[in-house]
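*Asks:* Sharing a structure with you now.
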Amino acid sequence: MSRENLSDLQVFLAVARERSFTRAAARLGVSQSALSHTIKLLEARLGVRLLSRTTRAVTPTEAGAKLIEGIGTHFDHIERAVDALNALREKPAGTIRIAASDHAIRYILWPKLRGFLPQYPDIKVELTLDNGLTDIVTERYDAGVRIGELVAKDMISVRIAPDLRLAVVGTPSYFERHGTPEHPKDLLGHHCINFRLTGSGSLYAWEFEDAGKELRIRVDGQLAFNNTFDVLEATLDGFGLSYIPEEIVSPFIADGRLVRALDRYSPAWEGYHLYYASRRQSSPAFVALVDALRYRGPAR
């Protein structure tokens with residue numbers, strides 16, 4: 001088979017696995033129009049339609065699914081072989097894709113990457129915002145970041161942050177108008193700013209503890225966001241109460257712009273963990289990154 005045909009098949013795999021010409025183009029570093037042209041030529045050459053395109057999604061046809069099944073593992077083997085060769089380089093190199101929440105990216109990953117990346121100029125890191133529970137294997141990420149309690153048992157995980165607590169906060173003027181909740185159930189009578197999980201599409205149920213028992217409160221209000229920092233802005237503008245990581249709201253509590261409520265009901269969760277499938281262990285670039293991100297403070 002010619003090199004051109006192999007390249008076209010690689011393009012097809014990228015589009016099919018990403019389910020998007022936009023994401024595949026970004027991953028391969030080419031234009032969407034170039035990918036579309038390549039796919040059309042490949043389909044014409046094979047005489048079958050490989051991808052079904054709609055305004056909302058790109059999905060493999062039956063023929064496309066069979067092609068993925070036939071060639072996908074072979075390209076994966078090639079990728080791993082190239083990774084193995086990179087392991088022989090004096091300097092760690094390669095691209096590492098990580099899915100993480102907005103909070104984890106800004107407060108955990110980026111502060112550490114800021115010092116790590118200049119030491120390893122041949123390592124590229126791609127951070128993808130994921131405020132849900134994305135399957136990193138299916139979506140072909142090298143690693144993900146979750147609170148330790150949410151990491152699947154079949155994954156390897158490394159703790160990268162201290163324990164995490166959320167804080168119920170609102171502006172002083174909000175509490176003056178609506179009063180202060182004394183118990184988590186009182187939130188049902190308040191204007192709250194919801195957070196939508198991108199993976200499941202559901203609204204996050206606020207989690208508390210009362211006398212050792214877990215409470216999950218489904219709050220209501222005019223606003224919902226899928227970005228923590230948008231929730232913060234709406235809270236500062238007085239649109240209601242929110243439930244946000246302590247370290248994000250601490251400066252605003254300190255300067256009086258926000259007031260905290262229900263502190264004693266907010267539990268501590270095991271901090272963020274980097275998690276990944278075992279096959280990534282052998283990459284020197286990945287090993288170096290894990291070591292840089294590792295949390296070395298006291299655990300619970």
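*Asks:* Relative to the first principal axis of the alpha-carbon coordinates of the chain, what is the inclination of helix 3-18, with its axis defined by its Cα atoms, in degrees from 0 to 90 and to the nearest 10?
*Replies:* Value to nearest ten degrees: 20.
*Asks:* Another question, then. Report the label-to-label distance for ARG53 and ALA152 in nanometres (one decimal), using points 7 Å from each Cα along the Cα→Cβ vector.
*Replies:* 3.2 nm
*Asks:* Using 1/(1 + (r/R0)^6) with R0 = 30 angstrom and r between the beta carbons of ASP263 and ARG114, what's the FRET efficiency to the nearest 0.05?
*Replies:* Approximately 0.40, to the nearest 0.05.
*Asks:* Turning to a different aspect of this structure: Across the Cα atoms of region 146-300, what radius of gyration and what greatest pairwise Cα-Cα distance (Dmax) are found, in Å?
*Replies:* Radius of gyration, then largest Cα-Cα span, for region 146-300: 17.7, 58 Å.
*Asks:* Then there is this: When the helices in the chain are scored as -39500 (n - 2.57) per DSSP H run of 4 or longer and the sum is shared across all residues, what 222 nm value do you end up with, to the nearest 500 deg cm²/dmol?
*Replies:* Calculated mean residue ellipticity at 222 nm is -11000 deg cm²/dmol.
*Asks:* If you don't mind, there's one more thing I want to ask. For the chain, please report how many Lys pairs fall under 18 Å Cα to Cα, leaving out neighbours fewer than 8 apart on the same chain.
*Replies:* Total qualifying Lys-Lys pairs in the chain comes to 4.
*Asks:* Once both axes come from the Cα atoms, what is the angle between helix 284-293 and the longest principal axis of the chain, in degrees from 0 to 90, rounded to 10?
*Replies:* With both axes taken from Cα atoms, the answer is about 10 degrees.
*Asks:* Quick one: which of 96-105, 158-167 comes out on top by average Cβ neighbours within 10 Å, and what's the full order, highest first?
*Replies:* 96-105, 158-167
*Asks:* Also, I was wondering about something else. Can you tell me how much longer the chain between ALA292 and THR95 gets when fully stretched, taken as 0.36 nm per residue apart minus their C-alpha distance, in nm with one decimal?
*Replies:* Going from the current span to full extension adds 69.3 nm.
*Asks:* Given +1 on the Cβ of Lys and Arg, -1 on the Cβ of Asp and Glu, and no further charges, what dipole in debye does the chain carry about its Cα centre, rounded to the nearest 20?
*Replies:* 800 debye
*Asks:* Now a separate question. Amide H of LYS124: which non-local residues (sequence gap of 5 or more, or other chain) have their own amide H closer than 5 Å, using H built in the peptide plane?
*Replies:* GLY94, THR95, ILE96
*Asks:* Taking the 0 to 90 degree range and rounding to the nearest ten, how far is the long axis of helix 32-46 tilted relative to the main principal axis of the chain, both from C-alpha atoms?
*Replies:* 40 degrees
*Asks:* Binning every alpha carbon pair distance of region 143-216 at 10 Å from zero, what are the percents per bin?
*Replies:* Histogramming region 143-216 at 10 Å steps yields 13, 36, 34, 14, 3 percent.
*Asks:* Another question about this same structure. Report the equivalent ellipsoid semi-axes for the chain in whole Å, largest first, defined as the square roots of five times the eigenvalues of the gyration tensor built from alpha carbon atoms.
*Replies:* Result for the chain: semi-axes of 42, 24, 16 Å.
*Asks:* Using DSSP, restrict attention to beta bridges with both residues in the chain and report what percent are antiparallel, rounded to the nearest 5.
*Replies:* 70 percent
*Asks:* On to the next question. Within the chain, which is the longest segment that contains none of the GluC sites (Glu not before Pro) sitting in a DSSP loop with at most 16 other Cβ atoms within 10 Å?
*Replies:* Looking at the chain, 183-300 is the longest stretch - no exposed GluC sites (Glu not before Pro) with at most 16 other Cβ atoms within 10 Å.
Since every read-out is calculated from the coordinates, none of them should be taken as a lab result. None of the values given here were measured: they were computed from a predicted structure. Neighbour counts run over all protein chains shown; Cβ positions are idealised from the backbone, glycine included.
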